[in-house]
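Heads up, the thing below is written out as structure tokens.
Just so you know, all these numbers are worked out from the coordinates, no wet-lab data involved. None of these values were measured; they are calculated from a predicted model.
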Amino acid sequence: MLRSAILVLTLASTALIAGCSSEPPVEVPASEIAATAAGALEQSTGELPEMDCGDDSIPLKNGTKLDCVVTDTTLGEDFDSRVTLSDVDGANYSVSVEVSEEPRE
């Protein structure tokens, strides 16, 4: 259950696009970060939530924060969440996910 998932930390890898130089990507789609954060929540809670962090491209920089919406598919409730990037090293990064204790109104 998401209510017990206040903070989760996991390592993730972004995929390098074939044919690109050896430089890591500067930005990734917010949907990719949302999928990584949802996977982190699944590791913590045992359930894979739906997660929406918008449609923007997000720079891979330490401290970048995204405001997202997590949907607990079991309860059908939406929760505000904040995803923060850290430990950025090329295409590798960590995410921390904070989920509100109360559902959105």
What residues have an amide H closer than 5 Å to that of MET51, excluding those fewer than 5 places away on the same chain, when H is modeled at 1.01 Å from N in the peptide plane?
THR71
Sequence-distant residues sharing a close amide H with GLU77 (under 5 Å, placed H)
ASP72
From the phi angles alone, apply the Karplus equation (6.51, -1.76, 1.60; θ = phi - 60°) to the range 36-53 and give each ³J(HN,Hα) in whole Hz, x where the residue is Gly or Pro.
5, 5, 4, x, 5, 5, 4, 4, 7, 10, x, 10, 8, x, 8, 9, 10, 10
Quick one: Karplus J couplings for the range 85-99, per residue in order, coefficients 6.51, -1.76, 1.60, θ = phi - 60°, nearest Hz, x for Gly and Pro?
8, 8, 6, 5, 9, x, 8, 9, 7, 10, 10, 10, 10, 10, 10
